[in-house]
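The values are calculated or read from the model by the stated rules, or taken from the named source; none is laboratory data. Note that the structure is predicted; figures quoted are calculated from it, not measured. Ideal geometry is used to build each Cβ from the backbone, glycine not excepted, and the neighbour counts take in all protein chains shown.
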Amino acid sequence: MQSTLPQHDIVLLGVGHTNAHVLRMWKMGPIPGARLTCVSNFPSATYSGMLPGVLAGLYPPERMEIDLVRLCAAAGARLIVGDVTGLDIENRELLLADRPPLPFDVLSIGLGSVPNRAGLLEADDSLLEVKPMQTFLLRLEERLLNLNLNLNLNPLPSSPLRISIVGGGAGGVELAFCLPMRVRKVLGDISLTITLIDSGDKLLKGSTEGLLKRVARDFASRGVHVLPGRRVTHIKQGTATLDNGVTVTGDLVLWVTSAAPPPLIKDFKLPQDDRGFLLTKPTLQSTSGEPIFAVGDTGTIQGEKLPKAGVYAVREGPVLWDNLHRRIKNEPLQDYKPQRGFLKLLNRGDGTAIGEYRGFSFEGKWAWKLKDRIDGKFMDMYQDFTPGMMAEPVPASDTRPAQMRCTGCGGKVGASILSRALARLDIPPSESVLVGLDAPDDVAILQPTPGKVIAATVDFFEAPLDDPYLVGRLAALHAASDVLAKGAKPIAALAMATIPAGTERKQEQLLYELLAGGLRELKAMGATLVGGHTIEGPNITIGYTTLAEQPAESVRAKGKLREGDVLILTKPLGVGVLLAAHMQARCKAAWYQPLIETMLQSNAAAASLFDEFGVSAATDITGFGLAGHLLEMLRASDLGAEVSLCDIPLLLGASELFGEGLASTLAAANRRVEAEIDTSKVHAVLFDPQTCGGLLAGVSQHHAQDTVSRLQEKGIAAAAIGTVKPMTAGRSRLHVVE
Ligand SMILES: Cc1cc2nc3c(=O)[nH]c(=O)nc-3n(C[C@H](O)[C@H](O)[C@H](O)COP(=O)(O)OP(=O)(O)OC[C@H]3O[C@@H](n4cnc5c(N)ncnc54)[C@H](O)[C@@H]3O)c2cc1C
């Protein structure tokens with residue numbers, strides 16, 4: 001996806017109030033010669049300042065979300081949604097749960113904070129933490145609905161719903177103001193009591209008496225009961241026990257206490273403050289001197305006693321951005337100079353706010369309008385997904401300039417890069433492989449199981465996403481689909497890869513990630529890697545020649561459809577249009593995860609179930625789309641079919657994108673088969689090309705229902721989409737009904 005590989009890898013771990021600024025600035029003008037990778041535990045980030053407003057129904061939930069999928073796509077940054085397990089400082093790598101370590105040259109850690117659980121000895125699931133904020137609303141609503149069922153609150157509650165909020169900072173106070181609106185939205189006009197518990201003597205530590213009086217007056221009028229100076233030690237079935245043994249009877253406990261360090265950083269082997277946050281210099285760089293920044297709530301500037309608040313995290317953004325440039329250029333870093341004091345605005349949820357600035361408190365509609373304007377302006381900056389400037393390709397210093405690079409055999413990737421990348425892979429031996437990569441020769445020699453035939457296929461593509469490990473996995477899955485459709489079991493594969501020019505270190509890493517991803521899927525299918533070929537080129541391409549074996553008589557040929565067969569499709573469609581949307585930064589975070597999960601679902605499970613049901617004809621749905629591949633089967637079988645549009649499963653977001661007229665570039669060519677389709681409505685889904693698409697099989701009517709049920713039991717979103725019919729004179733081969 002790039003003509004040369006970057007020289008520097010900048011990695012953002014956690015993309016919240018501070019790191020998100022870097023991503024936004026990257027879109028406007030990336031750092032030359034560098035690549036930006038964002039690692040997040042969710043595909044979106046939440047702006048906490050708007051959470052109370054969302055609870056009160058003043059904003060729709062999406063207003064507080066920063067869509068990282070779209071923003072990264074627009075910025076030309078790589079997004080890895082994953083589970084980080086550690087940090088290897090020596091090798092400058094982030095360790096991840098489900099994929100190889102991710103190297104960095106510069107790292108910025110902005111994981112935020114978690115609510116402090118100090119003093120809490122025991123809690124059951126009636127405790128609801130405000131973090132992760134991305135799922136808070138969903139979790140809250142689920143709990144409320146469950147309470148509704150259990151307490152039989154509907155239609156008329158016999159006693160009020162009792163919610164305790166633990167934590168009397170700004171977040172807890174705003175929640176106490178705004179929560180009742182959400183509860184009533186979910187459960188109707190029920191009676192509700194709220195108790196706010198805080199370990200401090202007063203709420204809103206560090207605030208003026210004026211602000212506290214206004215809050216106290218409001219709480220009194222709204223029936224919010226305040227319990228200061230007490231810690232919660234136990235939570236059981238919604239009842240909180242305090243450190244003096246008193247119990248606060250209730251149905252649900254919300255936990256919004258002061259900030260504690262995110263658990264992940266505990267073992268990072270970086271200097272920490274006395275609470276466990278990462279200690280930094282005023283430049284936001286770790287005091288360890290490593291090229292690692294710690295920002296927002298996660299960092300503590302040595303010698304400063306700043307509260308953990310979003311206002312500081314936001315103001316750190318521009319300094320971090322500047323210091324990343326300086327670090328890459330080896331220039332001295334600049335200091336972040338925190339402001340002394342800031343405007344506090346508390347949302348009362350009724351179109352008014354209470355506030356405080358420089359010792360004076362105030363309230364009114366205008367204060368809410370001011371808060372709304374400040375928050376809205378901030379979030380608007382993160383809702384512009386027009387693709388920005390892409391990073392300039394910079395010739396890698398230790399390689400020949402791109403325009404002078406040789407082609408032909410001279411375009412091969414250097415042997416040492418290849419052998420180092422291969423040495424990092426754990427390639428399994430196989431009984432079928434007589435000569436493989438453990439003793440490489442000019443060829444791989446395979447010994448098929450006696451009595452079986454070899455099915456061979458080749459497939460490769462230009463990387464549709466910018467995460468090489470993920471792309472490697474997709475390539476192996478995509479390439480194996482053909483043989484799986486035929487009923488063959490993959491035994492070995494040969495890789496073909498094109499990687500851009502770059503430093504040896506960056507090329508090796510790229511090749512390793514591509515191959516490691518593929519090998520993971522090959523192993524899962526019981527196959528191994530036996531060879532390949534790698535060249536340099538402007539764009540990343542990857543593919544496999546897959547070798548598989550099966551009894552000759554069991555080949556599920558395309559031409560073996562029978563009249564009356566039910567057509568079963570094993571994956572939803574829409575991959576093509578969603579990937580096209582992603583290229584234009586139009587694929588929303590909510591659509592992205594289901595898309596990736598669907599593409600990553602191997603067709604091996606569906607294929608082996610087809611064996612059980614004696615399916616005789618199958619194919620995989622890939623580039624030509626459903627219509628193209630189905631017509632290939634129908635022509636080969638000399639039959640027709642009727643397909644029902646409403647039975648075709650679609651990926652989340654596909655329908656909306658088709659409705660907007662978006663299509664993959666190949667869709668137009670796929671439409672050439674339209675003449676063979678008879679329909680009142682030619683729907684774009686029929687021509688949508690699939691990467692890692694599902695299998696399409698003809699199953700006898702007798703077995704169709706069982707096959708679909710068994711596939712669904714295995715987590716495969718299979719559906720019966722039509723029936724094979726005889727060809728009728730004067731009718732098109734494929735009849736599509738709505
Ligand atoms: C209810 C509530 C209301 C608040 N209101 C205000 C307010 O009005 N004004 C104010 O100044 N402050 C407010 N705060 C405090 C404010 O939210 C924080 O100070 C601010 O979010 C800190 O920003 P950050 O960039 O450090 O972290 P965050 O913005 O929290 O971002 C951290 C990011 O890291 C991600 N992450 C976490 N763990 C991992 C992991 N293991 N791997 C990968 N990614 C991870 C998270 O998903 C998140 O997107 C409020 C807090 C709460 C709880």
Restricting attention to the stretch 678-687, does a residue exist that is assigned to a loop (DSSP other than H, G, I, E, B), assigned by TED's automatic domain parsing to the domain that holds ALA607 and under 33 Å from the mean Cα position of the chain (by Cα)? yes
If a residue must be more than 8 Å from the ligand (Cβ to nearest atom) and under 21 Å from LEU346 (Cα atoms), how many such residues does the stretch 292-306 contain? 1
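So which residues in the stretch 524-543 are of a type outside the set (Gly, Ala, Ser) and modelled with pLDDT of 95 or more, if there are any at all? Write out each step before concluding.
So the first thing to find is which residues in the stretch 524-543 are of a type outside the set (Gly, Ala, Ser), and the list is 525, 528-530, 533-536, 538-542.
Within the stretch 524-543, MET525, THR528, LEU529, VAL530, ILE540, THR541, ILE542 meet the criteria.
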Kindly check whether there is at least one residue in the stretch 71-87 that is touching a strand residue (DSSP E or B) at 6+ places or on another chain (Cβ under 6 Å), under 30 Å from HIS234 (Cα atoms) and away from the ligand (no atom under 16 Å from the Cβ). no
Scope the stretch 509-524; condition buried (at least 22 other Cβ atoms within 10 Å of the Cβ) and charged (D, E, K, R); matching residues: GLU513, GLU521
Report, by residue number, each residue of the stretch 35-68 that is surrounded by fewer than 21 Cβ atoms within 10 Å (Cβ to Cβ), more than 10 Å from the ligand (Cβ to nearest atom) and of a type in the set (S, T, N, Q). none
Residues in the stretch 645-656: is at least one touching a Leu at 6+ places or on another chain (Cβ under 7 Å) and assigned to a strand (DSSP E or B)? yes
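Based on this model, can you work out whether LEU79 counts as out of contact with any Pro (no Cβ under 8 Å at 6 or more places or on another chain) and surrounded by 19 or more Cβ atoms within 10 Å (Cβ to Cβ)? Walk me through how you get there before you give the answer.
On the way: out of contact with any Pro (no Cβ under 8 Å at 6 or more places or on another chain): no; surrounded by 19 or more Cβ atoms within 10 Å (Cβ to Cβ): yes.
No; evaluated as a whole, the condition is false for this residue.
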Being part of a helix (DSSP H, G or I), surrounded by fewer than 22 Cβ atoms within 10 Å (Cβ to Cβ) and acidic (Asp, Glu), is that true of even one residue in the stretch 490-507? yes
Of all the residues that make up the stretch 20-34, how many are more than 22 Å from ASN330 (Cβ to Cβ), buried (at least 22 other Cβ atoms within 10 Å of the Cβ) and within 16 Å of the ligand (Cβ to nearest atom)? 3
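This table checks each residue for (1) crowded, with 24+ Cβ neighbours inside 10 Å; (2) part of a helix (DSSP H, G or I); (3) in contact with a helix residue (DSSP H, G or I) (Cβ under 8 Å, 6 or more places away or on another chain).
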| site | (1), (2), (3) |
| --- | --- |
| ILE568 | yes, no, yes |
| LYS571 | yes, no, yes |
| GLY576 | yes, yes, yes |
| ARG586 | no, no, yes |
| PRO594 | no, yes, no |
| THR598 | no, yes, yes |
Please enumerate the residues belonging to the stretch 707-738 that are of a type in the set (A, V, I, L, M, F, W, C), out of contact with any strand residue (DSSP E or B) (no Cβ under 7 Å at 6 or more places or on another chain) and part of a loop (DSSP other than H, G, I, E, B). ILE716, ALA717, ALA729
Residue selected from the stretch 307-336 under the condition more than 27 Å from the chain's Cα centre (by Cα) and among the β-branched types (Val, Ile, Thr), by the criterion farthest from the ligand (Cβ to nearest atom): ILE328
Among the residues of the stretch 132-148, are any touching a Leu at 6+ places or on another chain (Cβ under 8 Å), in a loop (DSSP other than H, G, I, E, B) and surrounded by 16 or more Cβ atoms within 10 Å (Cβ to Cβ)? no
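Among the candidates LEU270, LEU333, which residue alone is in contact with a helix residue (DSSP H, G or I) (Cβ under 9 Å, 6 or more places away or on another chain) and more than 29 Å from VAL173 (Cβ to Cβ)? It would help to see each step written out before you state the result.
Numbers: LEU270 fails: in contact with a helix residue (DSSP H, G or I) (Cβ under 9 Å, 6 or more places away or on another chain).
Sole residue among the options that is in contact with a helix residue (DSSP H, G or I) (Cβ under 9 Å, 6 or more places away or on another chain) and more than 29 Å from VAL173 (Cβ to Cβ): LEU333.
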Taking the stretch 429-464 and keeping residues closer than 18 Å to ARG520 by Cα, outside any strand (DSSP E or B) and in contact (Cβ under 8 Å) with a residue 40 or more places away in the chain leaves PRO429, SER430, GLY436, LEU437, ALA463
Apart from one, (1) within 25 Å of GLN705 (Cα to Cα); (2) not in a helix (DSSP H, G or I) all hold for GLY623; the odd one out is (1)
Examine the stretch 111-119 for a residue that is in contact (Cβ under 8 Å) with a residue 60 or more places away in the chain, within 16 Å of the ligand (Cβ to nearest atom), buried (at least 19 other Cβ atoms within 10 Å of the Cβ) and on the phi > 0 side of the Ramachandran plot, and state whether such a residue exists. yes
